[in-house]
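Structure first, commentary second.
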Amino acid sequence: MVTSISLMLQLALCPNASNHLQEMKDRLITISNELLDNAGNLSSTQFEVLRQERLLLNKQIQQLEKHLQDVGRQRSHAMTSTAPARSFLIDTPISRTAADAVRFDSQVPGPNEFVNHGNWSSPLPSSTTDRLHSSFAPVEREVFTPNLFEVKYIEGSGDIRWKSVDFSWNKKLEAYNRKVFGNHSFRPNQREVINATMSGYDVFVLMPTGGGKSLTYQLPALICPGLTLVVSPLLSLIQDQIMHILQANIPAAYLSGNMEWAEQQDILRELQSDTCKYKLLYVTPEKVAR
């Protein structure tokens with residue numbers, strides 16, 4: 001218990017606490033998936049260890065989230081309480097011109113003017129006033145018109161043509177599935193998804209956890225020429241898949257914002273080369289957005 005509290009204090013005080021929080025959440029998802037998918041293959045001891053780790057992670061995540069929220073509120077309060085009160089001024093050439101005109105008029109009175117420095121005001125020149133009004137006039141925004149595309153959706157899970165073993169790539173598909181991935185057969189809908197994809201169709205696949213989605217793009221990536229780009233939101237799952245793929249001697253890499261800059265540059269140079277060795281490249285959505 002003391003060790004757990006000490007660890008939480010270290011994480012909370014770390015400047016990268018938010019990154020650690022995300023890693024803990026990724027680990028929690030990985031453990032939950034393991035308990036759901038492989039519960040029958042785990043011994044009672046392994047199952048209990050994972051269950052206890054999941055409970056501990058849940059508690060640590062809640063504590064760290066609460067701490068980060070408290071720190072955020074304290075910083076926000078400190079900024080609002082210490083910030084000096086000052087008026088809002090738009091620094092534009094027009095506002096400076098108006099101010100200069102006022103100062104000049106106040107310093108050089110006309111020959112027939114009575115100057116009272118204690119209570120004096122001067123209207124702005126009409127040209128300056130017109131410019132001020134025009135500069136703050138409401139601007140009409142261009143109406144946003146979304147581009148709509150018609151998508152022709154075809155239910156393919158019951159289409160018998162994708163179950164066929166007569167495609168030109170079938171022999172290679174069977175061989176690589178057995179030799180590289182160690183599978184003696186395909187799970188439900190895996191062959192159908194691969195055949196439709198390799199036939200040039202855009203395919204949307206919805207499978208439960210542990211249903212074998214990864215094979216439906218890893219196997220075609222190995223057979224087809226070029227590079228396959230995989231976008232995944234969980235860095236821990238990306239690293240787990242990369243580890244298994246490399247163990248199967250499939251050249252693959254991943255890019256994320258947490259990597260060293262030099263390492264990212266090495267991967268990008270390899271991707272731009274004419275003899276790129278990679279068959280799979282995993283990226284996070286944040287990396288794609290940048």
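Each value in this text was obtained by applying a stated rule to the coordinates, not by laboratory testing. This is a predicted model, so every value here is computed, not measured. Cβ sites come from the backbone with ideal geometry, for glycine too, and all protein chains shown count toward neighbours.
Here are some notes:
- Among the GluC sites (Glu not before Pro) within the stretch 234-290, those in coil by DSSP and having at most 10 neighbouring Cβ atoms inside 10 Å are Glu260.
- The length gained by stretching the chain between Gln264 and His244 to full extension, at 0.36 nm per residue less their Cα-Cα distance, is 5.1 nm.
- Neighbour counts of other Cβ atoms within 10 Å put Glu48, Glu150 in the fewest-to-most order Glu150, Glu48.
- In order along the stretch 154-168, the phi-based Karplus estimate (6.51 cos²θ - 1.76 cosθ + 1.60, θ = phi - 60°) of 3J(HN,Hα) comes to 10, 5, x, 5, x, 7, 5, 5, 7, 7, 5, 10, 9, 5, 5 Hz; Gly and Pro are listed as x.
- Electrostatic tally near Asn170: other residues with Cβ closer than 14 Å to its Cβ, Lys and Arg +1, Asp and Glu -1, net +3.
- Proximity of backbone amide H atoms, modeled 1.01 Å from N, is registered between Val230 and Leu281, Tyr282, Val283 at under 5 Å, excluding neighbours fewer than 5 places apart on the same chain.
- Whole-number percent relative contact order across the stretch 225-290, with pairs defined as alpha carbons under 8 Å at least 6 apart: 51 percent
- Take each peptide in 272-284, 182-194, count the other Cβ atoms within 10 Å of every residue, and average; sorted highest first, the result is 182-194, 272-284.
- When peptides 200-208, 240-248 are sorted by average Cβ neighbour count within 10 Å, with the highest value leading, the order is 240-248, 200-208.
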